[in-house]
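Worksheet: the structure to be examined is printed underneath.
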Amino acid sequence: MCGIVGVTGRPGAPALVAEGLAKLEYRGYDSAGVGWSAEGGLRRLRTVGRVAELVRRLPEGLSAATAIGHTRWATHGPPVEKNTHPHLSACGQVMVVHNGILENYLALRQELEGDGVVFQSDADTEAAVPLVARALLALLAWATASPPGSSPDEDYHMGSIWCPLPVTEHCEMRQNDAGVYEVLLTRQIALAAGCFSFHANISGACVDGIVEAENGNPPYWTNRFDRYGSYPRGFYRFMHSFTGVGDPEVDVTGTVFTMRMVNAVLTVAVFGAALAVSTAANRRLLAYGGLIVAAPMIIYLLASINPTGWSITGVTAAWFGLHGYMTERERWRRNSLLAVAGVGALMGVSSRGDAGIFVAGVSAAVVLLHWDRFWSERRTLIAPALTFLLGAAGFLSAGQTGAVTGGMGGGGEASLSTLINNLIMMPALLMDAITGNLNWGDTPMQPLTRTAVTVLAGAMLLIGVRAMNRQKALSLFGLLAALVGIPLFMLQITGTVVGDQVQGRYVTPLLAVVMMTALWDPLRGGVERLSRTQAAFVFLGLVAGHSWALHTQMRRFITGDEVRYLSLEHRIDWWHSPIPPNLSWLLGSLAFAVLCTAFFWVGRRADALPASLEG
């Protein structure tokens, strides 16, 4: 039985991890290893035998503040050093430990070897490392594609991250002459978004200009922060740990990039864990349903510091974890996916008030989808009931019941004509949830992206609804009713119309759940495989749509959208990534393309494991 220990934020982390591994010896193991972050890259030490040998060989005085460790009980590959965790990616920048078995690791290995990946061990975990690395690479390309303040309301979210509740414990606060509360931040944090928002012809260089104009980054009073708890505290307080509050020399752009990358890592960790513990049918479900709606809106938000990123990860993980809990047969898989659902629900309710509604809703949708199973094993209702209550409590908690319409002004009286107009225009809002304008609504996606992604998502939805029973129909109807009903309700109570204040991204967290529910075949207990021709069409459309969306986003901030050159380096007004723009675009596009090869390999039958390797 394997064991995992991780430490971050404590100097001497490798020794602490080794100490933790020693406390897990009772679980049984045949080898052990420790990996840590050091200057110049990642380092690891692996030994066969007892943890005491690992401790003896571990260099003294290691000051690394981040480390992971693993004790291994051999399944795939004999107990030798090369098969011992942690495993490193070929580039040496990603390190992974993993419990459980990747049942289709032979298919993954063959696919990755065909892409030129060189494996260093016989372990199944190593097959997951390149996929994790490429998922991260795609997200990191988006994370570094825009300056601070670029995502919707990011000035408000930066103020709330630097000064989370209780505000006076973290920032200086005052009440101005108009009675409005303000906090003291640096000019760049407070003014970054305002220098380019709604003006797509202005590049991100104006953010650097704020510092240059003032010959530094002096303090600045701003009222753009969460003074009254309109958002949950969890997301802001977690992000706050990366801010370096009180340091007037803080690199705002570097700090925001770091926070975006942390969110990217969390996303990959949650869904990587879900894939690792799922069998082939559910892996196919997550790959098909998640990737088909991933670009551009979802991947853009996941790699941002907008709380909606956590909402997307949390709501999707909550549904998938509960679904896996009801469909997997082995207890360890069911319990592991239940843990994924719990983590997802906590992320959701820690991010936005409306995410609490979504978590509660998808919990109910899972019960409807698998009602026969829940009815025959009533004790299994405890899990979705708890996530439902968690979601409801998150929404109803102090300060969040106004989150659905908070900050919206009335546009007029709600009337029957307004309702009819909004119903007619609702498809446009739902399309915006997938391929809508990015940033402050000032960066429209090109027709290539909007057409390819929308058509493919619609086609996949039609493929899924061919298999239907009453439970699936009720579950899918409920989710679609929420997808349409929530924004329609917000529009009516504010007296506004589609395109005014309510944005498609408000329901983006439900997209993958709707798609996975539609794709699940309750009669066969799986997902219909795409043919190679179908997979090829989906692959080409998604890769092209994503690649051009990333190019559009990078162009908008490198020079402003008035420049039309294909090369992103023809003129560079703003760029802070150490990777040149063209190379960043190429790597991000290729990484997403490799992820989309999942439409081919998840269509294969999983390679059967020898009986001696099971368990």
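Averaging the sequence gap over all C-alpha pairs within less than 8 Å and six or more residues apart, then dividing by the number of residues, gives segment 34-98 a relative contact order of 37 percent.
Here Met515 sits with roughly 10 square angstrom of accessible surface, probe radius 1.4 Å.
With the charge dipole of the chain set up from +1 on Lys and Arg Cβ and -1 on Asp and Glu Cβ about the Cα centre, the Cα lying farthest toward the positive end among the listed residues Met158, Gly289, Ile357 is that of Gly289.
Backbone amide hydrogens, once placed in the peptide plane, bring His85 within less than 5 Å of nothing, excluding anything fewer than 5 places away on its chain. With R₀ set to 30 Å, the beta-carbon distance separating Ser376 from Ala473 gives a calculated FRET efficiency near 0.90.
For the chain, the carbon plus sulfur part of the accessible surface works out to 60%, probe radius 1.4 Å.
Cβ under 9 Å from Trp440's Cβ, Trp440 left aside: what net charge do those residues give with Lys, Arg +1 and Asp, Glu -1? Working shown, then result.
Values: positive: none; negative: Asp153, Glu154, Asp442.
Surrounding charge for Trp440 is -3.
Each peptide in 219-231, 549-561 was scored by the mean count of other Cβ atoms within 10 Å over its residues; highest first, the order is 549-561, 219-231.
Ranked from largest to smallest solvent-accessible area, with a 1.4 Å probe on the protein heavy atoms, Arg44, Arg331 come out as Arg331, Arg44.
In a shell of Cβ-Cβ distance under 14 Å around Arg379, excluding Arg379 itself, what net charge do Lys and Arg (+1) and Asp and Glu (-1) give?
Numbers: positive: Arg331, Arg334, Arg373, Arg378; negative: Glu377.
Surrounding charge for Arg379 is +3.
The sum of -39500 (n - 2.57) across all DSSP H runs of n ≥ 4, divided by the residue count of the chain, sets its helix-only mean residue ellipticity at 222 nm to -16500 deg cm²/dmol.
Whole-Hz Karplus values for segment 49-62 come out as x, 6, 4, 4, 5, 4, 4, 5, 8, 5, x, 7, x, 5 Hz, taken residue by residue from phi with 6.51 cos²θ - 1.76 cosθ + 1.60 and θ = phi - 60°; glycine and proline positions read x. Shown is the FRET efficiency for Glu25 and Glu81, computed with R0 = 22 Å from the Cβ-Cβ distance and rounded to the nearest 0.05: 0.70.
The Cα center of segment 436-483 and the Cα center of segment 529-559 differ in position by 16 Å.
List the residue ranges in the chain for DSSP H helices whose C-alpha atoms run 30 angstrom or more along the long axis and whose Kyte-Doolittle average is -1.0 or above.
Values: long enough: 252-276 (35 Å, 1.58); 470-494 (35 Å, 1.34); 532-558 (38 Å, 0.41).
Helices meeting the criterion: 252-276, 470-494, 532-558.
Legend: residues Lys472, Lys82, Lys23, sorted from most to least accessible area (1.4 Å probe; ligands, DNA and RNA excluded), read Lys23, Lys82, Lys472. You can think of it this way: the chain between Phe242 and Arg532 has 99.9 nm of extra reach, that is 0.36 nm per residue less the Cα-Cα gap. Ordered by 1.4 Å accessible area with all protein chains kept, Glu39, Glu562, Glu25 run largest first as Glu39, Glu562, Glu25. Based on C-alpha pairs under 8 angstrom that are at least 6 apart in sequence, the chain has a relative contact order of 15 percent.
The values are calculated or read from the model by the stated rules, or taken from the named source; none is laboratory data. Since this is a predicted model, take the numbers as computed values, not measurements. Every residue, glycine among them, receives a Cβ derived from its backbone with ideal geometry; neighbour counts consider all protein chains shown. Just the protein is used for accessible areas: all its heavy atoms, side chains included, with ligands, DNA and RNA removed. Shrake-Rupley method; radii C 1.70, N 1.55, O 1.52, S 1.80 Å.
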